[in-house]
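Have a look at the structure below before the remarks.
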Amino acid sequence: MVQLYGRDLSRADVAAHAGDLTQFAGVRLMTLGDGLERGIRMLEFRTGTGLRFTVLIDRAMDIADCEWQGKSIGWHSPSGFRHPGLHEYEGEGGLAWMRSFSGLMVTCGLDHILFMYDAPADNYVYGPRETVKQSIHGRVGTIPARLTGYGERWEGDRCILWAEGRVRQATVFGEHLELVRRIEAEVGSNEISISDKVVNLGFYRTPHMYCYHINLAHPVLAEGSRYLAPIRDVVWAAHAGDDYQRQNVGYRTMPAPSNAFHEQVWQHEMAADQAGEVPVALVNDALGFGFEVTTRKDQFPCMYQWQNFQSAHYALGIEPSTNHVLGQQAARDRGEMIWLEHGEERNYNSRFRVLTSTAEIAESEARISGLAAQPTDNYPQPSGNFQPIGGRS
């Protein structure tokens, strides 16, 4: 049944109350028409509960806007949802990616994540290309997708909104990787599911690294908002050492925006439940409002926490990753780089859920704390214990 407006409705009931489902919910294709965003195709999802989110077809099928009953969840940076035709991948010493960095979810990969790196290119058997120059967080996030379908699908009295697209990252004498992404949300729900497949369509042995930059913003992020995660160990903090407490911001409780804040990044070792899932949430108790991200430990063994509390850039990032924050060279040295042969693939299955009440926050917190009791200290000493993870040397 479809749960709408406090009632369980059959497909016939929904049809009886309106000439078209789009009165309540649906997926709509549109094109942005002005400024830096001009020409970007976008899908708007509405589930009928007040959950609305948009998918940027021309930005790797990433999620841009996200809100629930008028309360914003997804981050809008000053850069806006810049058209990929304006992007300069290697500009500013590899940091030009920041000029296209905005939205609830930005995909990083497909062959590189984290900071700039000149990767050895001998696997591509082409003498003039000695290295592959990688800018921050890889190329995929600004590549347009080929939209293969979208719409509404009824399964009995359940209705699923969906979209699917293919994003190809390829060059001559180099990588030929494809991301196949499917996004679904059930009418009457506050949950988004993302199913990704990354496959090597080429015949070169190709590296693969992958990360989601999930960016939460005000008002789910506010002074006093809490980060909930099944943390077994705080492994690393970019600001550890003499500066660990200088900004008076720990990992657990969030501050208000401030001027001259310098980003902080942590890596946590997470516990998983019996199904192999890892839930992480940011909650605003004052509003009874939160957002939960669930990933799989066998797909994303690593988890970063990004704190960007600079005024006008105010965001918190939940970042599941295939690799440690140490970067690509460390992944190669430690035998943790994923290498894909022709036809090989990796799959990623994640869920995002809006927590709409104090009861749902309590349920999420109980689930998370039942897996591991996160440190009560806002400044736990990082262990430096990077657990071995899978890969293929």
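The values are calculated or read from the model by the stated rules, or taken from the named source; none is laboratory data. Being a predicted model, the structure only gives us computed values, none of them experimental. Virtual Cβ from ideal backbone geometry, glycine too; neighbours counted across all protein chains shown. The area values use the complete protein model at the heavy-atom level, side chains included, leaving out ligands, DNA and RNA. Shrake-Rupley method; radii C 1.70, N 1.55, O 1.52, S 1.80 Å.
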query = Equivalent-ellipsoid semi-axes (√(5λ), Cα gyration tensor) for the chain, whole Å, largest first?
reply = 32, 27, 20
note = Taking a crude spin-label model, label points 7 Å out from Cα along the C-beta direction, the ALA18 to TRP154 distance in nm is 1.5 nm
Where labels lie 7 Å past Cα in the beta-carbon direction, separation of ASN347 and TYR89 in nm = 2.8 nm
query = Residue-wise, which Karplus ³J(HN,Hα) couplings in Hz belong to the range 155-160, taking 6.51 cos²θ - 1.76 cosθ + 1.60, θ = phi - 60°, and x for glycine or proline?
reply = 10, x, 9, 9, 10, 10
query = Restricting attention to the alpha-carbon atoms of the range 238-331, what are Rg (one decimal) and Dmax (integer), both in Å?
reply = 14.7, 43
query = What list of ³J(HN,Hα) couplings, whole Hz, do you get for the range 380-386 from phi and the Karplus terms 6.51, -1.76, 1.60, once you set θ to phi - 60° and write x for glycine and proline?
reply = x, 5, x, 7, x, 8, 7
task = Give the long-range amide H neighbours of ILE338: residues separated by 5 or more places, or on another chain, with amide H under 5 Å away, using H modelled in the peptide plane at 1.01 Å from N.
result = HIS208, ARG392
ask   = Expressed in nm to one decimal, what extension gain is obtained for the pair GLN310 and ASP8 from 0.36 nm per residue of sequence separation less their Cα-Cα distance?
value = 104.3 nm
Reachable aspartates and glutamates, given that their alpha-carbon falls under 13 Å from the alpha-carbon of LYS197 and they are not under 8 places away in the same chain = GLU164, GLU178, GLU344, GLU345
request  = For the range 88-210, just list the percent of Cα-Cα distances falling in each 5 Å bin from zero outward, please.
outcome  = 2, 10, 17, 19, 17, 13, 9, 6, 4, 2, 1, 0
remark   = 1/(1 + (r/R0)^6) with r = Cβ-Cβ of GLU263 and ASP333, R0 = 25 Å, i.e. FRET efficiency to nearest 0.05, evaluates to 0.45
GLN245 paired with MET1, simple spin-label distance in nm, labels 7 Å along Cα-to-beta-carbon = 5.5 nm
query = Non-local amide H neighbours of LEU9 (under 5 Å, H modeled in plane, Pro and chain starts lacking H): which ones?
reply = VAL2, GLN3, LEU4
task = Take each of the peptides 330-337, 58-65, average the number of other beta-carbon atoms within 10 Å over its residues, and list them starting from the highest.
result = 58-65, 330-337
task = Kindly provide the pair-distance distribution of the range 273-393 built from C-alpha pairs, with 5 Å bins from 0 and whole-percent values in order of increasing distance.
result = 2, 9, 15, 19, 20, 15, 10, 6, 3, 1, 0
query = Across 5 Å bins from the origin, how do the percents of Cα pairs in the range 179-262 run, short distances first?
reply = 3, 8, 12, 15, 15, 13, 12, 11, 7, 3, 0
inquiry  = Checking a compactness column here: for the range 159-200, what do you get for Rg(Cα) / (2.2 N^0.38 Å), N being the number of residues?
reply    = 1.54
remark   = Carbon and sulfur atoms account, in whole percent of the 1.4 Å probe accessible area of the range 129-186, for 44 percent
request  = Enumerate the calculated ³J(HN,Hα) couplings along the range 237-243 in order (Karplus 6.51 cos²θ - 1.76 cosθ + 1.60, θ = phi - 60°), each rounded to whole Hz, writing x wherever the residue is Gly or Pro.
outcome  = 9, 4, 9, 4, x, 4, 9
remark   = Probe 1.4 Å, heavy atoms of protein chains only: per residue, the accessible area of the range 171-297 in Å² is 35 Å²
request  = Taking all protein chains together and a probe of 1.4 Å, list LYS133, LYS297 from the most accessible to the least accessible.
outcome  = LYS133, LYS297
